[in-house]
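Student: Attaching a single structure in structure tokens format; questions to follow.
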Amino acid sequence: MSKSSVFLPPSQTRIVTIVAHVDHGKTTLADNLVEHNGIISERLAGTIRYLDSLEEERRRGITMRASAIGLKHSYVAPGAKKQQQAPQDMIIHLLDSPGHTDFSSEVTSSLQCCDGALLVVDAVEGMCARTHQVLREAHVNQLVPILVINKVDRLCTDLCLTATEAYLRLRTLIETVNAASSAMLTSSRHHQDDEQPTGEADETEKGKKQEKQQQATQEQKQQEEEDKEELLWTFDPMKGNVVFASALFGWGFTVPSLARTLFRNKILPLKPMVLRQCLFGDFKYRNEKVLVWKADASTDEVPLFAEYALQPIWNMYEGVAAATSALGLQSELFADGRASLLSSSTGPTSTNGSGNNNASDNHKKITSSTPGMDMVIQAMQSGGTGANIPKSADDIQTILSQTGSNTEEAVLRSLLRRYRPLSDVLLDTVAEICPSPIEAASSARPRALAFVAPPEPSEYFLRMRQAALVCDPSSEGPDVAHVCKFMGASRRHVRDPELNNTNNGEEEQDDNVIMGLARVLCGTLRTGSEYFVMGPKHKAGNVPPKRKIRLYLLMGSDLVRVNEVPAGHLCAIHNLEDLQLKTVTLCDEADGMPLQGFDRGIRPLVKVNVEAVDAADTEILERGLLQLSLADAAVEVTATSKGERILACLGEIHLEQSILDLQQVYCRKKDIQLRVSDPIVEFAETTDWMADKQEDNDFQAFFDDQSPRMRQTTIPPYNEEEGLANARHGRARAVVSGRCAAISVRVVPLASSVYKALKQQSLVGCDDCEEELLRLARALQVFDKNENDADTKLTTDSVFSILCDSLCSIDGNGNAMIESRNLSNGKTVKGVVSEANEVYIAKTSDADSDRKERGENDEENEEEEAVEEKHNEDGLVLNQCSDEHDIVRGRIRQCGFYYSPDAAGTTEKSSADAAALQIWKANLSSAVAGFQLAVRAGPVCEEPIRDILVVLEGFEVAVVPKKDADGKNTADFESATSLSSGMIMSAILSGVRCSMLTRPPRLIEGHLSLTMHATLTGLGPLYAILSRRRGKVVKDDMVEGTDLIEITATLPQAEAFGLAPELFKKTSGQVTAPELNFSHFSRLDEDPFWIPATQEEREDFGEIQQNGDVSTGLDNTALNLIRKVRTRKGLLVDSNRTVVAAEKQRTRKR
């Protein structure tokens, strides 16, 4: 590495990120660290929000995009005297990440490329919902955490606690964080134990002994790793991984740093190693002895931490507040107004009759001689950790004059950041606790920084993995870097004249460029060099694309071009945007492999359709959407078959920012006019048991049920589904195109517990599925009905074993398809031999009645009516060709799902039936494909289907005798018509849709988890709003020490839009903006097509209103949601048609 390089070796580098809940002080904390390097002035630190470069970030006061900056720091190891050891130069790469849940993808990207995490927690609000989430993400990415308890001064100013009370509050807070960490570790270990495969057992004596030794060694190693991990994730002030701070006023300290200061200044005659063990504990120092302190209100004794760590700072706040009041000004520090009492005891108060509202107040300044400042001077003489602590009134006056501090906040900032500087102690803690890139790759983060292993590792891959393991920066070894995310940057902030002067032959140059945030894993990247770029799904052996890159140093919103970047550092890379990948890995040879990474687990909550108002701008919009999806990892852009461009974001604020970026940054045409649809809500379709018809109790009784069909099968547009005439009560006989075959299909509900057991092929962990399994067994008749003790045969294990053996397909949305035992062994398979080479097709009697109404009784009709007709229970006309169909139907009714040859008797198959069975087995894979196609869109509102079980019950196919060489018929049969995959798929699709329509329809809607804080006065309007939006409060707890109530609730996703503005309006700001996260899917137990039928129901719900759209006249939530979805998709809604029957139209006279 050249001496002129701004980069240091990996051993002198740290990469950390700041994570926290929203408004807990991350960006303010970063301002103090930036000011430490002289980038911003002292007066602006904590207020300028230097790393928030977007206009929307400054307007809203929240961070929306993660920003990185490199900081220099001189570090002296603890215990070493500065005269004996020179400070070591360090470079600390700092990433400030958002706290709002709408921008959680930025946090995930930051955690992937960093080695340490500064977990910021508000001392008053404590652990919030987002804090728990970032804590788990940091653990998954194997980061080394440091707890920063911010806003400690609020315990004094807002809650007005004494130093002792504040110590007890801080101790409880640390215990809460440790409890959350312990629960997280326990859950993670249980998850790892469940996923760990079990090896094959060796039955020999020697093998058993070796296996026992290996198991003991493995358990010991695992225990050591668990102890090490538990020590890492236990926050203990004694260890120095807890920082007490106030980022707004720029002060902070750790217990080890304070112990060294107290010993060095001879305030306490205890060595730092001893003092640090009792400083944050229930101990007190009296008569040169350390004694146990007991919390007793009757005594005035205070613990060590309250006396030496907090009380001096409390006195400084009170002194400045007293000085402000002494000038006749109103102090705004303390919520209880104690400043006026303090000023009366420190000196006379200057007043001017009516108070402080005269013009002379603006010229009053706090000086070192103002009454009350003597308390500040005295407090600064004890326990200061800074190097330039003022020791006299003149020193304080000099500082106030240099900084121009004249208000109480400015005075406190100037004095406290010199008394206990936050930047020094925080950067020292990072340098001491966080691992270097070398330590991170080798020991701290081996799983997070591992590469995808190829089937046959090449020599280059082995060298690359070894170089990355030691973070080798030498130019002779492999050069590898990982781009964890892409981001947009304005050309005005890129300090590279060559880039800004290049327009690649285009007439108009983009004002925005796409940069990749990269971490160099080994080697040294160079500007102008070409590297192979590999996506996360790169396969070994494929030749990846090659790109020439440009490198830039990250300095907040500014990007400075550099010639090279060695291993262990962060940088920005240009010229990768055309690959359209979220993350990439760069290698100098094609034999490299990408970094493994982790599943982000982020689910977009808000989807809209975006289109250009002017059709000529469509191409510009598409390019802008591509750039937006590349720059923001959480944005998903999809194009539908109908030409829609769906933009998916994590929340409403994220959506607003994405639309704004799309218009102002990523679309080349300025002020492009866009048309944004209303939010698109994802639903799913399912069904419920027909308990009133004994479906889940008596198989044959339900099969013979003669009750009328469901109402939705009689009203348009649902009654126009093709094949609906051959469906009834969840069963359908799907006829293949050309009438050459027919498949009997049944649809029943599938409980989530049963689905989980089928998915994992085991009942372990599914203890609650026994009742649902037996219910499903009774509905399908998964037992031998001829056995005398059938109930004893109906056991959970036997039923589950039969279902697993019959499983054909199972998807990821709770759906499965099984093949009936009677179908698989040919019991319900028939080969039909007919002159027309067709299977039996029934004609409905309804068609005959319609024909008679139309007066079409001609001679042919009379001849047909003279033929003796036979009707079955479904109103279908049976003719002489229905024998095979009747046989299949009768066997399904008699045997159900399960068939026992011993009990039911064996029946030899004919040659035609045997041929039909072979035809079915050959087309079973096509039936599976048809099932997968069918569950993509349901018949009610074309939404995906969830939680159903498709049962294949019977198969009929038209067959003809095979011809020999002479053209004569043989004893074997073959299909009369060649069955293609598309024909079977279409039949299964039609059968599933018709079966769903003849069952009770239900909607499944997504639910969001809400977390918010409210005052007591805001609870009433809050509960009213949640109740009107069908929300449900899960938990409401009082936040200790405040008047706030933390509320956790669930809310349907369709009701969540516009919730925050309504809460602010109806509660007058008494409720905070809710944190929204996807929680679960839940079935809406409401029949969308139910109408009052009995007199009692009409009295309760009212008469049906016929408004031309077959409306129920009721407040039916499910029906309203279905209509909205169908309207959005351009589908026919109920019977809203211009013309239903033209011959029935008539006009009225005026």
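Student: Just to be sure I understand, how many residues within region 557-592 are over 31 Å from the mean Cα position of the chain (by Cα) and either closer than 21 Å to Val635 by Cα or among the basic types (Lys, Arg) (or both)?
Tutor: Count: 1.
Conditions (1) at pLDDT 90 or above; (2) under 15 Å from Ser824 (Cβ atoms); (3) acidic (Asp, Glu), marked per residue:
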{"site": "Leu917", "(1), (2), (3)": "yes, yes, no"}
{"site": "Gly930", "(1), (2), (3)": "yes, no, no"}
{"site": "Gly938", "(1), (2), (3)": "yes, no, no"}
{"site": "Val951", "(1), (2), (3)": "yes, yes, no"}
{"site": "Val960", "(1), (2), (3)": "no, no, no"}
{"site": "Asn969", "(1), (2), (3)": "no, no, no"}
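Student: Looking at region 706-757, which of its residues are open to solvent by 30 Å² or more (accessible area, probe 1.4 Å) and part of a helix (DSSP H, G or I)?
Tutor: Arg711, Asn719, Glu720, Ala725, Asn726, Ser752, Tyr755, Lys756 - these are the residues of region 706-757 that are open to solvent by 30 Å² or more (accessible area, probe 1.4 Å) and part of a helix (DSSP H, G or I).
Student: Across region 134-161, what is the total count of residues that are open to solvent by less than 40 Å² (accessible area, probe 1.4 Å), in a helix (DSSP H, G or I) and over 22 Å from Asp115 (Cβ atoms)?
Tutor: Of the residues in region 134-161, 3 are open to solvent by less than 40 Å² (accessible area, probe 1.4 Å), in a helix (DSSP H, G or I) and over 22 Å from Asp115 (Cβ atoms).
Student: Output the strands (runs of 3 or more DSSP E) that fall wholly within region 802-880 and possess 1 or more residues being at pLDDT below 90, open to solvent by less than 30 Å² (accessible area, probe 1.4 Å) and β-branched (Val, Ile, Thr), or say none.
Tutor: Qualifying strands (runs of 3 or more DSSP E): 829-832, 876-878.
Student: Kindly provide the set of residues from region 521-552 that are among the hydrophobic types (A, V, I, L, M, F, W, C), under 25 Å from Pro455 (Cα atoms) and open to solvent by less than 10 Å² (accessible area, probe 1.4 Å), ordered by number.
Tutor: Within region 521-552, Cys522, Val533, Met534 meet the criteria.
Student: Say whether the condition of being modelled with pLDDT of 85 or more and either at negative phi or open to solvent by 30 Å² or more (accessible area, probe 1.4 Å) (or both) is met by at least one residue in region 1092-1110.
Tutor: Looking through region 1092-1110, none of the residues is modelled with pLDDT of 85 or more and either at negative phi or open to solvent by 30 Å² or more (accessible area, probe 1.4 Å) (or both).
Student: If you check every pair at least six apart or on different chains, which have Cβ atoms under 6 Å apart with a residue in region 914-935 that is free of Cβ contacts under 8 Å to residues at least 24 places away in the same chain first and a residue that is open to solvent by less than 10 Å² (accessible area, probe 1.4 Å) second?
Tutor: From region 914-935, no pairs qualify.
Student: Next question, about the same structure. Sort out which residues of region 985-1018 are open to solvent by less than 30 Å² (accessible area, probe 1.4 Å), farther than 19 Å from Ala725 by Cα and touching a helix residue (DSSP H, G or I) at 6+ places or on another chain (Cβ under 7 Å), and write them in order of number.
Tutor: Leu1003, Glu1005, Gly1006, His1007, Leu1008, Thr1011, Ala1014, Gly1018
Student: How about region 434-454: which of its residues are in a helix (DSSP H, G or I) and either in contact with a Pro (Cβ under 6 Å, 6 or more places away or on another chain) or open to solvent by less than 50 Å² (accessible area, probe 1.4 Å) (or both)?
Tutor: Residues satisfying the conditions are Pro437, Ile438, Ala440, Ala441, Ala444.
Student: Out of Leu449, Leu462, which single residue is of a type outside the set (Ser, Thr, Tyr) and more than 30 Å from the chain's Cα centre (by Cα)?
Tutor: Leu462
Student: Right, next: Going by the structure shown, is Ala129 in contact with a strand residue (DSSP E or B) (Cβ under 6 Å, 6 or more places away or on another chain), farther than 19 Å from Phe253 by Cα and modelled with pLDDT under 90?
Tutor: yes
Student: A further question follows. Out of all the residues in region 463-482, is one or more open to solvent by less than 30 Å² (accessible area, probe 1.4 Å), of a type in the set (D, E, K, R) and at pLDDT 90 or above?
Tutor: Scanning region 463-482 turns up at least one residue that is open to solvent by less than 30 Å² (accessible area, probe 1.4 Å), of a type in the set (D, E, K, R) and at pLDDT 90 or above.
Student: Evaluate the following for Arg59: is it in contact (Cβ under 8 Å) with a residue 40 or more places away in the chain and open to solvent by 20 Å² or more (accessible area, probe 1.4 Å)?
Tutor: Taking the combined requirement at face value, the residue does not satisfy it.
Student: Restricting attention to region 137-170, which residues are over 20 Å from Val430 (Cα atoms) and charged (D, E, K, R)?
Tutor: The answer is Asp153, Arg154, Asp158, Glu165, Arg169.
Student: Assuming Asn265 fulfils every condition listed in (1) more than 21 Å from Pro421 (Cα to Cα); (2) over 49 Å from the mean Cα position of the chain (by Cα); (3) surrounded by fewer than 17 Cβ atoms within 10 Å (Cβ to Cβ) apart from one, which condition is it?
Tutor: Unmet condition: (1).
Student: Only one of Pro1052, Pro1021 is over 30 Å from Ala684 (Cβ atoms) and either buried (at least 18 other Cβ atoms within 10 Å of the Cβ) or touching a helix residue (DSSP H, G or I) at 6+ places or on another chain (Cβ under 9 Å) (or both); which?
Tutor: Only one candidate passes the filter, namely Pro1021.
Student: Can you name every residue in region 403-432 that is assigned to a loop (DSSP other than H, G, I, E, B), at negative phi and open to solvent by 20 Å² or more (accessible area, probe 1.4 Å)?
Tutor: Asn406, Thr407
Student: In addition: Which residue, of Leu621, Leu595, Leu605, Leu626, is over 17 Å from the mean Cα position of the chain (by Cα) and touching a residue at least 60 places away in the same chain (Cβ under 8 Å)?
Tutor: Exactly one residue qualifies, and that residue is Leu595.
Student: Here's another thing I want to ask about it. Need the failing condition index for Leu400 against (1) at pLDDT below 85; (2) within 50 Å of the chain's Cα centre (by Cα); (3) outside any loop (DSSP other than H, G, I, E, B), just the number.
Tutor: Status for Leu400: all satisfied but (1).
Student: Taking the criterion of being open to solvent by 30 Å² or more (accessible area, probe 1.4 Å) and over 28 Å from Glu408 (Cβ atoms), would at least one residue in region 162-173 satisfy it?
Tutor: yes
Student: Examine region 269-279 for a residue that is in contact (Cβ under 8 Å) with a residue 12 or more places away in the chain, under 30 Å from Ser414 (Cα atoms), in a loop (DSSP other than H, G, I, E, B) and within 45 Å of the chain's Cα centre (by Cα), and state whether such a residue exists.
Tutor: No: region 269-279 contains no residue that is in contact (Cβ under 8 Å) with a residue 12 or more places away in the chain, under 30 Å from Ser414 (Cα atoms), in a loop (DSSP other than H, G, I, E, B) and within 45 Å of the chain's Cα centre (by Cα).
Student: Filter region 631-676 down to the residues that are of a type in the set (D, E, K, R) and assigned to a loop (DSSP other than H, G, I, E, B), then identify the one that is least open to solvent (accessible area, probe 1.4 Å).
Tutor: Ranking the qualifying residues of region 631-676, first place goes to Asp632.
Student: Are any residues in region 50-78 basic (Lys, Arg) and either within 32 Å of the chain's Cα centre (by Cα) or under 15 Å from Thr28 (Cα atoms) (or both), and if so, which ones?
Tutor: Correct list: Arg58, Arg59, Arg60, Arg65.
Student: If Ala129 satisfies every condition in (1) more than 24 Å from the chain's Cα centre (by Cα); (2) open to solvent by 10 Å² or more (accessible area, probe 1.4 Å); (3) under 22 Å from Ala179 (Cα atoms); (4) not β-branched (Val, Ile, Thr) but one, which is the exception?
Tutor: Unmet for Ala129, out of (1) more than 24 Å from the chain's Cα centre (by Cα); (2) open to solvent by 10 Å² or more (accessible area, probe 1.4 Å); (3) under 22 Å from Ala179 (Cα atoms); (4) not β-branched (Val, Ile, Thr): (1).
Student: Among the residues of region 378-393, which ones are of a type outside the set (Val, Ile, Thr), over 11 Å from Thr261 (Cα atoms) and either assigned to a loop (DSSP other than H, G, I, E, B) or in contact with a strand residue (DSSP E or B) (Cβ under 8 Å, 6 or more places away or on another chain) (or both)?
Tutor: Met380, Gln381, Asn388, Pro390, Lys391, Ser392 - these are the residues of region 378-393 that are of a type outside the set (Val, Ile, Thr), over 11 Å from Thr261 (Cα atoms) and either assigned to a loop (DSSP other than H, G, I, E, B) or in contact with a strand residue (DSSP E or B) (Cβ under 8 Å, 6 or more places away or on another chain) (or both).
Student: Turning to a different aspect of this structure: Taking Gly991, is it farther than 26 Å from Arg1083 by Cα and among the small types (Gly, Ala, Ser)?
Tutor: no
Student: Restricting the search to region 6-55, which residues are part of a helix (DSSP H, G or I) and under 14 Å from Ala68 (Cβ atoms)?
Tutor: Listed by number, the residues that qualify are Lys26, Thr27, Ala30, Leu33, Val34.
The values are calculated or read from the model by the stated rules, or taken from the named source; none is laboratory data. The structure presented is a predicted model; accordingly, all values stated were derived computationally and were not measured. Glycine gets a Cβ as well: all are built from the backbone with ideal geometry, and neighbour counts include every protein chain shown. Remember, those area values only see protein heavy atoms, side chains included, never the ligands or the DNA or RNA. Shrake-Rupley method; radii C 1.70, N 1.55, O 1.52, S 1.80 Å.
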